[in-house]
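As structure tokens, the structure follows; a few thoughts come after it.
The values are calculated or read from the model by the stated rules, or taken from the named source; none is laboratory data. From a predicted model like this one, the values you see are computed outputs, not experimental measurements. For the accessible areas, the whole protein counts, side chains as well, though only heavy atoms, and no ligand, DNA or RNA atoms are used. Shrake-Rupley method; radii C 1.70, N 1.55, O 1.52, S 1.80 Å.
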Amino acid sequence: LKTAGGGGGKIGDKAYQSLMHKGKRINHLIALDRFPWVRVLDAIEKALPDVVIIDSFKPVDDFTRIHLTGRTDSLEALVQFQERLEANDLFTTVVLDNMGLTDGSAGGAQPIPGGRKEFKLQCRLQLNRVFPEEINGLLWLALKKHRK
């Protein structure tokens with residue numbers, strides 16, 4: 001720091017900004033490394049009715065949101081899944097992005113009433129709840145505030 005600040009123990013604005021940016025980047029990498037996936041996946045599993053199948057799970061926006069795609073034969077079960085996710089304090093703003101009805105066969109089958117329901121859901125993660133405070137401090141902030 002003395003070298004970057006020109007000696008004398010003072011740090012210039014440019015050196016300070018560089019140091020802060022590097023610190024944010026390091027905290028971001030630590031947060032990604034320590035991300036509690038087991039806790040998130042466990043909450044999804046507990047919310048999942050037996051007749052709903054998740055085909056893909058994709059974190060986006062530096063893990064502040066997740067996209068889920070899946071299928072079910074029951075619209076009621078899909079609604080129940082959404083409600084259970086919304087009731088869990090790890091998730092918020094659970095939105096059904098897309099839903100289509102197919103006959104369940106491969107190859108782009110035509111939609112039919114009463115067929116398998118394929119869906120896309122997205123939800124926001126409450127990062128301050130995902131990261132247990134007593135263990136991980138404020139690492140969740142590193143994900144929310146990181147700038148590349």
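For the residue pairs Lys46/Lys120; Lys22/Lys58; Lys14/Lys58, the alpha carbons lie more than 29 Å apart in Lys14/Lys58. Note on exposure: Leu96, Leu85 ranked by accessible area (1.4 Å probe, complete protein assembly) read Leu96, Leu85, with the most exposed listed first.
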